[in-house]
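Below is one structure; the comments refer to it alone.
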Amino acid sequence: MESEQKQVLDMLQRPFRQQTQREEGHPIVFEVGTRVAGSEPPPQPLALARSIPKGTVFSIFVKNHRLAAKELCDYFMEASSVTELKERVEEVRRFINEKLLIFALSFVIIRKPEMRHLRLPSIVEIFPSMFVPVTTVSKMEQEAKKSTPDQEIVITEYGPEFSSTHLKPEHRVAYWREDFGINTHHWHWHLVYPVDLSVSRDRKGELFYYMHQQILARYDMERLSVGLNRVEKLSNWRIPIPDGYFPKLTISNSGQTWGSRQDNTLMQDYKRDDFGLLPFDVSDLEQWHNRIMDAIHLGCLVDRDNNQTRLTDNTKPPEKRGIDLLGDAVEADSTMSLNSLFYGDLHNMGHVVISASHDPDNAHRENLGVMSDTATAMRDPVFYRWHKYIDNIFQQYKLKQPPYTAEELSLSSVEVVSVAVESRGQKNQLITGWSTRDFEASRGLDFNADKPVIVRLTHLNHHPFVYSIKVVNSDSLPKEVTVRIFMAPKLNERGVKMNFMEQRLLWAEMDRFTHKLKPGPNHILQSSTSSSITNSNDFTFRDLEKQPNPDDPGAPENFLFNFCGCGWPQHMLLPRGKQEGMAFELFVMVTDWSQDKVAQTEGTHSCSAAASFCGILDALYPDARPMGFPFDRCPMPTLLNRHVEKTSDLTRLSNIAMQDITITFTNAQITQ
Ligand code: CUO
């Protein structure tokens, strides 16, 4: 019998494969014209899921599509084995939208305890056309046709030049926005933290805020690296969006393309007839915005029975933090939001309205734009402007929280004596450049070739490095601590050193880990490849076919793999930096683990990596502090003084240290 892993790979392969009704023993019926009133067929099972046509956009930002996903996920969840799941998949493949099918199948494999040991291959190989432009797909088709039997087909896609010219400043960061890894991460994260699928995960709303805030910090670091200003929030919806986006990608194998947005397109009232959504006005978004802002400034949300729930981050479990409640209300998850009728569906509907702005009434029969899909949204410059607006809501709330006290920030028995990063014998000098990664496009698309067709994607990369942290524990006993590492650019757009408030939102988490300090001096060495935000989830079909049988219960590292796969790509851990070298600051803070830890139930498995962005499956988020601590709130004066020489600065916290580092972009190949 086929292994379970093999069955999973078979189900995911070539989602657009033709499976005609005749092959399945069903008569082929073509329906032409308008159905006569009263002749409607009886309701079918999976009616919602069926309502999304094959080959069209499936968007989890659209409420109806979320309901359809719920229906299909529930149906698949009932399967008691992989074999039964496969039967169900094959039964519905004929009439279910391909993207919806893969979403539901992936969701079930992550969620069902007995299937969690199975691995999902990279979404790049399942849907190559969501990651490489249609011209590259055609090139692959042509090469497949004319290749000789002994010829390997490899098509190289130069990411840095993909959709851009140098006429538009925004194109300077196209290589970052269109990177396969960050888009894969975003798809996977929303699969693990879905909306309206009755998935109630610890601090889900807060993680929605934090993960997206961290994306923005990283995007802004990248923009500063290429000489662009930090991204501006999209808060005035009555003026046109200056930057357009032309995806050049296809939605399906039938030639359907994503909608394109011209420069200076206005967000307009939504009146499309193809998603079952009621007409929806930009002023509805404004109304939801106002209600949420009122809640922030009044300090409470109001539920449907008019009860008030206070918004504060100074809570004790099980009371939820204000940021968590706000995250649920803004994203919005109607199963989690305290009052989704009143506070609405702001973030999701923003994606929808923007992705329909080129054809808001469907008059041109153009598809939605890439902002409607989690696997493609991060390609579009407007994604960051929209999320900066969403983040600004959260920041307005955060700035109302009292600054952390010295007690909350300090750990006087511990002194961080020095911090450095080391890479290839160089101290505090990090190097970035380009690498390539091969994906087998013929796993997702049928090129009619009897051999693999490979697409070689170019991406940013860096040489691995090691954090070297010297710490003195003045206690006579060993002490368990959390080490928190962040990085931010030192200078702003004008080349001026930033103060704390200006730099606050640019701090990107690089790592967070626990460590047991022995009494006296300690030397901590931590590899960049073990970062708590990253993972290596881009396994190919070939990788998975080669690995030892994962059905074997003695393969423990497979456990939770798919869940942890929602981390940030390792190759994007560092920003590009500049060719002449760019100044960054490293921030290391050591805190008391006894105050950071959360009480987990026995037997909790943690992600070996990526816990900062993914949390832990079926367990509590593994850090009791608010996410983003200590940069999530306004500073206290001691932190403002952190640059003063230690010898003369008695107020400086001993458990915090800073180090200037340089990131140099080589524009050369990085081999590891
Ligand atoms: Cu991840 Cu708007 O939430 O895209």
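The values are calculated or read from the model by the stated rules, or taken from the named source; none is laboratory data. None of these values were measured; they are calculated from a predicted model. Every residue, glycine among them, receives a Cβ derived from its backbone with ideal geometry; neighbour counts consider all protein chains shown. The area values use the complete protein model at the heavy-atom level, side chains included, leaving out ligands, DNA and RNA. Shrake-Rupley method; radii C 1.70, N 1.55, O 1.52, S 1.80 Å.
The figures follow:
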{"quantity": "Matching residues in region 171-214 - criterion: being closer than 15 Å to residue 376 by Cβ, in contact with a helix residue (DSSP H, G or I) (Cβ under 9 Å, 6 or more places away or on another chain) and within 14 Å of the ligand (Cβ to nearest atom)", "calculated": "177, 182, 183, 184, 185, 186, 187, 188, 189, 191"}
{"quantity": "Test for residue 277: is it open to solvent by less than 10 Å² (accessible area, probe 1.4 Å) and either of a type in the set (Asp, Glu) or closer than 19 Å to residue 64 by Cα (or both)", "calculated": "no"}
{"quantity": "Residues that are surrounded by 16 or more Cβ atoms within 10 Å (Cβ to Cβ) and closer than 28 Å to residue 223 by Cβ, drawn from region 501-525", "calculated": "503, 504, 505, 506, 507, 508, 509, 510, 511, 512"}
{"quantity": "Among (1) among the polar types (S, T, N, Q); (2) free of Cβ contacts under 8 Å to residues at least 60 places away in the same chain; (3) within 12 Å of the ligand (Cβ to nearest atom), the one test that residue 339 misses", "calculated": "(3)"}
{"quantity": "Residue 301 vs. criteria in contact (Cβ under 8 Å) with a residue 12 or more places away in the chain, away from the ligand (no atom under 16 Å from the Cβ), open to solvent by less than 60 Å² (accessible area, probe 1.4 Å) and not β-branched (Val, Ile, Thr)", "calculated": "yes"}
{"quantity": "Helices (runs of 4 or more DSSP H) completely within region 99-205 that count 1 or more residues being in contact with a Leu (Cβ under 7 Å, 6 or more places away or on another chain) and open to solvent by 50 Å² or more (accessible area, probe 1.4 Å)", "calculated": "134-146"}
{"quantity": "Scope region 464-490; condition open to solvent by less than 20 Å² (accessible area, probe 1.4 Å) and either over 20 Å from residue 409 (Cα atoms) or over 33 Å from the mean Cα position of the chain (by Cα) (or both); matching residues", "calculated": "465, 467, 468, 471, 473, 489"}
{"quantity": "Which listed residue, of 285, 266, is of a type outside the set (Ser, Thr, Tyr), touching a Phe, Trp or Tyr at 6+ places or on another chain (Cβ under 7 Å) and over 23 Å from residue 130 (Cβ atoms)", "calculated": "285"}
{"quantity": "Residues located in region 481-526, provided they are closer than 19 Å to residue 582 by Cβ and among the aliphatic types (A, V, I, L, M)", "calculated": "485, 487, 488, 491, 496, 498, 505, 506, 508, 510"}
{"quantity": "Region 216-246, residues that are closer than 21 Å to residue 59 by Cα and within 16 Å of the ligand (Cβ to nearest atom)", "calculated": "245"}
{"quantity": "In region 524-563, the residues that are part of a loop (DSSP other than H, G, I, E, B), modelled with pLDDT of 70 or more and in contact with a strand residue (DSSP E or B) (Cβ under 9 Å, 6 or more places away or on another chain)", "calculated": "531, 532, 533, 538, 540"}
{"quantity": "Search result, residues across region 62-84 that are assigned to a helix (DSSP H, G or I) and without any contact (Cβ under 8 Å) to a residue 24 or more places away in the chain", "calculated": "74, 84"}
{"quantity": "Conditions (1) within 18 Å of residue 276 (Cα to Cα); (2) within 16 Å of the ligand (Cβ to nearest atom); number of the one not met by residue 365", "calculated": "(2)"}
{"quantity": "Criterion violated by residue 402 - all others in (1) within 16 Å of the ligand (Cβ to nearest atom); (2) in a loop (DSSP other than H, G, I, E, B) satisfied", "calculated": "(1)"}
{"quantity": "Count - residues of region 417-432 that are over 19 Å from residue 488 (Cα atoms) and part of a strand (DSSP E or B)", "calculated": "2"}
{"quantity": "Region 349-380: number of residues that are crowded, with 22+ Cβ neighbours inside 10 Å and in a helix (DSSP H, G or I)", "calculated": "12"}
{"quantity": "Hits in region 369-384 - residues which are more than 14 Å from residue 353 (Cα to Cα), in contact with a Ser or Thr (Cβ under 9 Å, 6 or more places away or on another chain) and away from the ligand (no atom under 11 Å from the Cβ)", "calculated": "379"}
{"quantity": "Filter result (over 28 Å from the mean Cα position of the chain (by Cα), among the hydroxyl-bearing types (Ser, Thr, Tyr) and surrounded by 21 or more Cβ atoms within 10 Å (Cβ to Cβ)) within region 396-453", "calculated": "none"}
{"quantity": "Test: residue in region 593-601 that is at pLDDT below 70, more than 30 Å from residue 665 (Cβ to Cβ) and surrounded by fewer than 16 Cβ atoms within 10 Å (Cβ to Cβ)", "calculated": "yes"}
{"quantity": "Count of residues meeting criterion [open to solvent by less than 10 Å² (accessible area, probe 1.4 Å), of a type outside the set (A, V, I, L, M) and in a loop (DSSP other than H, G, I, E, B)] in region 304-336", "calculated": "2"}
